[in-house]
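Have a look at the structure below, then the notes.
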Amino acid sequence: MTLSSIPLTAADLQIPAGGRRNSTLLCAPVMGESVDQMLDQIRAAKEQGADLVEVRLDFLKSFSPKQDLEILLKQSALPTLVTYRPKWEGGQYEGDDSQRLDALRLALELGADYVDVELQVAQEFFSSIQGKKPEKAKIIVSSHNYQNTPSSEELGNLVARIQATGADIVKIATTALDISDCPRIFEVLAHSQVPTIAIAMGERGLISRILAAKFGGYLTFGAIEAGVVSAPGQPSIKDLLDLYNLRQLGPDTKVHGVIGKPIGHSKSPHLYNAAFKSVNFNGIYLPLLVDNVANFINAYSSPDFVGYSYTIPHKEDGLRCCDEVDPIAKAIGAISQMIRRPTDGKMIGYNVDYLGAIAAIEEALRASNGASPTTSSPLAGKLFVVIGAGGAGKALAYGAMEKGARVVVANRTYEKAKELASKVGGQAITLAELENFHPEDGMVLANTTSVGMKPNVDLTPLPKNALSRYCLVFDAIYTPKLTRLLREAQEVGAIPVYGTEMFINQAFVQFERFTGYPAPKQLIRDTLVKNS
């Protein structure tokens, strides 16, 4: 099942006043080991902008139901959702189940706004309250699956079973084994007839937690402190509100993202979300941990999923998944951007990497030579050595050839180097040969491999002694900004050009293609500095 035609309009949601574009509540799990710790966490959640808190009784080291619940519920600075999760449903509680349900009943009596009861014991719980519950209180009946995300049909049946218990709110939490599992969660939300919480846990499920606000989820969870989570893959309140602009997401928000693996290090969401917001563009930009590009593109076929950036290792796979490819990207053999054409939904691939990188290298060479920007390219006639023959390597080799440079491709696999070199009329060598490669001084070096990228910051693709032959060294890596390669290049007198420059220059181009607006260049630069 894909997201090709979810019938969802703004009319399906009640948009509250105050500038919010969705009714999805932001809930902060509170997991203190004492009542005092919990009250401190509740105050912090309120300060950060949460709408309510989930009080996780199973985290309390010692728990006196009547006394502790009275204090927590009376002194809570926010509305409360009381959960007492047993071990068998992923929680901490290991005691007698009847005592656990007694505590949840007591929470209702003492004024909890919501209580969460597991599907497995829901019938028993409803029987025990005999239809008596405070009018304002709502009972959430939940099901947690820590193994996988079932099929659409199985999810539909699960929702029906939960509804049949008499639940006020349905809650389903599954585990995303692949990012293409998330559309089934969105379908549950979009087609649900009752208030529903539906999320996919784990890093591959992150987008389900954020886009709950687009597809009408009753609430989503945000951690008070980044990394201190009640379930795998939970983002922080701060990220949901400040990075992903959760309050501004609506049914018509256009979804963009960066496709890669790994993806957690990417600064792109910071740049594009801030830039979208600055020009009032109704879009969101997400980190997309994708294992298989074709599966991702097939699963997210909805017209609202409109554009992607591509990073390591998916630039070539991305090209194979395009309906049409820009001639430059075709010549390079890799894409860095894909856009859904609004007229017919076709996916069009582009490569803007080479524009960003080559512009940054030319600027640095001109600055060192004192040449004016109007003269011909300072790369013309230079020997340009590219390390790596993947997507970024192809882009740099092609871009250098376009500017009149003589290209040398160095790669671990000689056959790949040879294949790329033949396309740009250049020479191929192995990485082993590169260390002693010295046909002339003043060469330009461009590293396009991930050697030296965070967390392996002590690695370098070329030893320091070989760098003195180069007048300029460029590293496509931008985390960290100053890689070991660039630091050592600087030490031997070469001009260092940071990967951030390539990243920034191509971000301007991508932003304009995504939105149709001129790029807010200074804002994008400032945002990158702030997040580096």
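Provide the gained length on full extension for the span R412 to R487, in nm with one decimal, where the gain is 0.36 nm per separating residue minus the Cα-Cα distance. Before the final figure, lay out the partial values.
Details: separation 75, 0.36 × 75 = 27.00 nm, distance 2.30 nm.
Contour length minus the Cα-Cα distance gives 24.7 nm.
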Sort out the exposed loop trypsin sites (Lys or Arg not before Pro) in the chain (DSSP loop, at most 12 other Cβ within 10 Å) and tell me the longest stretch that has none. 137-345
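By how many nm would the segment from N295 to Q37 grow when fully extended, if each residue of separation counts as 0.36 nm and the alpha-carbon distance is taken off? Show your work: numbers first, answer last.
Values: separation 258, 0.36 × 258 = 92.88 nm, distance 4.42 nm.
Taking 0.36 nm per residue and subtracting the Cα distance, the gain is 88.5 nm.
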Amide H neighbours of L286 under 5 Å, at least 5 residues apart or on other chains, H built in the peptide plane: list them. H256, G257, V258
In Å², rounded to a whole number, the accessible area per residue of the range 452-532 with probe 1.4 Å is 45 Å²
Report, in cubic angstrom per residue, the convex hull volume of the C-alpha atoms of the chain. 161 Å³
Does the range 74-131 come out rounded, prolate or oblate, given a ≥ b ≥ c as the square roots of the eigenvalues of its C-alpha gyration tensor, rounded meaning a/c under 1.5 and, failing that, prolate meaning a/b above b/c? oblate
Derived scalar couplings ³J(HN,Hα) [the range 354-365; Karplus, 6.51 cos²θ - 1.76 cosθ + 1.60; whole Hz; x for Gly, Pro]: 5, 4, x, 5, 5, 4, 5, 5, 4, 4, 5, 5
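Just list whichever of K74/K214; K346/K418; K61/K267; K254/K315; K394/K464; K346/K403 have alpha carbons separated by over 29 Å in the model shown.
The pairs that break the limit, which is 29 Å between Cα atoms, are K74/K214; K346/K418; K61/K267; K346/K403.
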Pick out, from A466, H438, L482, the residue whose Cα sits farthest towards the positive end of the charge dipole of the range 369-497, with +1 on the Cβ of Lys and Arg and -1 on the Cβ of Asp and Glu. L482
Explain nothing, just the number: dipole magnitude of the chain about its Cα centre with +1 on each Lys and Arg Cβ and -1 on each Asp and Glu Cβ, in debye rounded to the nearest 20. 1120 debye
For the range 108-213, the convex hull over Cα atoms projects on average to an area in nm² of 6.8 nm²
Over the range 369-497, consider all pairs of different Cα atoms and compute the Kirkwood hydrodynamic radius from their mean reciprocal separation; express it in Å, one decimal. 14.6 Å
For the range 517-527, Karplus couplings with θ = phi - 60° (6.51, -1.76, 1.60), whole Hz, Gly/Pro x: 9, x, 5, x, 4, 5, 4, 5, 4, 4, 5
Which stretch or stretches of the range 104-143 have amide N atoms under 19 Å from the point lying 7 Å from A164's Cα along the Cα→Cβ direction? 117-128, 140-143
Quick one: longest stretch of the chain between exposed loop GluC sites (Glu not before Pro), exposed meaning at most 15 other C-beta atoms within 10 Å and loop per DSSP? 226-434
Calculated SAXS-style log₁₀ I(q)/I(0) at q = 0.11, 0.13, 0.17, 0.18 Å⁻¹ - the range 268-401, Debye, Cα scatterers: -0.49, -0.66, -0.99, -1.05
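Given the convex hull over the Cα atoms of the range 445-529, what projected area results after averaging over all orientations, in nm²? Mind dumping the intermediate values first?
Details: hull surface 24.2 nm².
Over every viewing direction, the Cα hull of the range 445-529 projects on average to 6.1 nm².
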According to a simple spin-label model (label point 7 Å from Cα along Cα-to-Cβ), what is the distance in nm between Q92 and S23? 3.4 nm
Treat each spin label as a single point 7 Å out from the Cα along the C-beta direction, and report the E316 to K277 distance in nm. 3.8 nm
Rule-of-thumb Rg ratio for the range 25-251 [Cα; 2.2 N^0.38 Å; N residues]: 0.95
Contour minus end-to-end for A380 and L523, with contour as 0.36 nm per residue of separation and end-to-end as the Cα-Cα distance? 48.2 nm
When the Karplus curve 6.51 cos²θ - 1.76 cosθ + 1.60 is applied with θ = phi - 60°, which whole-Hz ³J(HN,Hα) does each residue of the range 421-433 get, with x for Gly and Pro? 4, 5, 6, 10, x, x, 10, 10, 9, 8, 4, 4, 6
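Apply the a/c threshold of 1.5 to the C-alpha gyration tensor of the range 223-266 and tell me whether it is rounded, prolate or oblate. Spell out each step's value before the answer.
Values: a/c = 2.24, a/b = 1.17, b/c = 1.91.
Judged from the Cα gyration tensor, the range 223-266 comes out oblate (a/c at least 1.5, b/c at or above a/b).
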Separation in nanometres of the label points that stand 7 Å from Cα toward Cβ, at D323 and A77: 5.1 nm
Long-range HN-HN contacts of V385 with modeled amide H, under 5 Å: V408, V444, L445, A446
Residues meeting the amide H criterion for S336 (H placed from the backbone, H to H distance under 5 Å, 5 or more places apart or on another chain) are Y350, N351, V352, D353
Would you mind telling me the share, in percent, of accessible area of the chain contributed by carbon and sulfur at probe 1.4 angstrom? 49 percent
Tell me which of N145, I210, N351 sits at the most positive position along the dipole axis of the chain, charges placed on C-beta atoms (Lys, Arg +1; Asp, Glu -1). N351
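How much accessible area per residue does the range 225-301 have, in Å², with a 1.4 Å probe?
34 Å²
The values are calculated or read from the model by the stated rules, or taken from the named source; none is laboratory data. Source: prediction; values computed, not measured. Please note: Cβ atoms are built from the backbone with ideal geometry, for glycine as well, and neighbour counts cover all protein chains shown. These area figures cover heavy atoms from the full protein model, side chains too; ligands, DNA and RNA do not enter into them. Shrake-Rupley method; radii C 1.70, N 1.55, O 1.52, S 1.80 Å.
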